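Asks: Have a look at this one before I ask anything.
The values are calculated or read from the model by the stated rules, or taken from the named source; none is laboratory data. Nothing here was measured: the structure is a model prediction, and the numbers come from that model. When we count neighbours, we look across all protein chains shown, and the Cβ atoms used for this are built from the backbone with ideal geometry, even at glycine. For the accessible areas, the whole protein counts, side chains as well, though only heavy atoms, and no ligand, DNA or RNA atoms are used. Shrake-Rupley method; radii C 1.70, N 1.55, O 1.52, S 1.80 Å.
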Amino acid sequence: LLWDNTHNLWFVYYLMMFVLSAWLLITLAKFLPVRFVQKTINTILAKPVHSLTMILLVSIIWAILGWQNDSGRISADLSFVPSPLVYSYFGLAFLIGWLLYYRIDDINPLISLAWLYIIFALVFFLIALVGFVFQGEVENTQQLLFHGLLSFFTGLSITMFVLGLVGIFSRYFDNFNPWIRYFSDSAYWVFILHSVAMVIIALAIHSWMVPAEIKFLVVCTGTLIICLLSYHYCVRNTRIGQLLNGRRYSNSPWALNK
């Protein structure tokens, strides 16, 4: 239990490090030659996010990074010094989000193929699961083969899940709704804070002599309440909210504009 709680706290630490790194990169980019920056951006934006080239490239990078771990993917590290593997693995997801932001037209093809991406993602996930089950120990003569299978199809499934879920949400949540917009804006803060709130509540009720299902509901409900209240009163209409969402918003969801 202690290891899992520490793991969650370090995950928050790495997320904050990502935010700091992004800010530093943006700041440093101002001192680089404009032509160099523009050429780099144009090179990255040359291919659509959903193109076969980009899908294979991203999946292979995730597979190579994930190869370093028995699970075929990289999780948060307990070291105080940020791990290049963790930075690269999760940083790639941030890069995809950045690409979709600057290539907003790429979302339209994702909408029409969203469920197909999800189906492929599930199939690739099952193949990766087979690799995980049969990879065995290092002494296993087929360990290399099954670990490679696990790593590659894990990378493919993650890529497909990302594209599919973006397409699904763009399709079914396209019309403006102030409450959906409110909770969407809160998602970044909830993502950052939820592990800390969850650990605090879990430790507080650890000695309760009640069924695990009740503890689970208490942790989930308490975490949601803490995250939303802290967002509403401490983040949304503050500088933190401006940093996370681009600008400050009214605390009244029904007063929101597009």
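Asks: Go over the candidates ARG181, ARG171 one by one and state the one that is surrounded by 14 or more Cβ atoms within 10 Å (Cβ to Cβ), assigned to a helix (DSSP H, G or I) and at pLDDT below 85.
Replies: Numbers: ARG171 fails: at pLDDT below 85.
Unique residue meeting the criteria: ARG181.
Asks: In addition: Looking at segment 95-127, which of its residues are under 9 Å from SER157 (Cα atoms), open to solvent by less than 40 Å² (accessible area, probe 1.4 Å) and of a type in the set (A, V, I, L, M)?
Replies: Within segment 95-127, ILE118, ALA121 qualify.
Asks: Which residues, taken from segment 187-201, are modelled with pLDDT under 90 and open to solvent by less than 30 Å² (accessible area, probe 1.4 Å)?
Replies: Once the filter is applied, which keeps residues that are modelled with pLDDT under 90 and open to solvent by less than 30 Å² (accessible area, probe 1.4 Å), segment 187-201 yields ILE192, SER195, ALA197, VAL199.
Asks: So, in segment 66-76, how many residues would count as being within 16 Å of the chain's Cα centre (by Cα), open to solvent by less than 60 Å² (accessible area, probe 1.4 Å) and either of a type outside the set (A, V, I, L, M) or at pLDDT 80 or above (or both)?
Replies: Summing the residues that are within 16 Å of the chain's Cα centre (by Cα), open to solvent by less than 60 Å² (accessible area, probe 1.4 Å) and either of a type outside the set (A, V, I, L, M) or at pLDDT 80 or above (or both) in segment 66-76 gives 2.
Asks: Being among the hydroxyl-bearing types (Ser, Thr, Tyr) and open to solvent by 20 Å² or more (accessible area, probe 1.4 Å) is the filter here, so list the residues in segment 229-243 that pass it.
Replies: Step one: list which residues in segment 229-243 are among the hydroxyl-bearing types (Ser, Thr, Tyr), which gives 230-231, 233, 238.
Residues satisfying the conditions are SER230, TYR233, THR238.
Asks: Determine, yes or no, whether SER207 is of a type in the set (S, T, N, Q), open to solvent by 40 Å² or more (accessible area, probe 1.4 Å) and modelled with pLDDT of 85 or more.
Replies: Here the answer is yes, as SER207 does meet what is asked.
Asks: Only one of these conditions is not met by TYR249: (1) open to solvent by less than 60 Å² (accessible area, probe 1.4 Å); (2) in a loop (DSSP other than H, G, I, E, B); (3) over 30 Å from ASP106 (Cα atoms); (4) not polar (S, T, N, Q). Which number is it?
Replies: Result: TYR249 fails condition (3) only.
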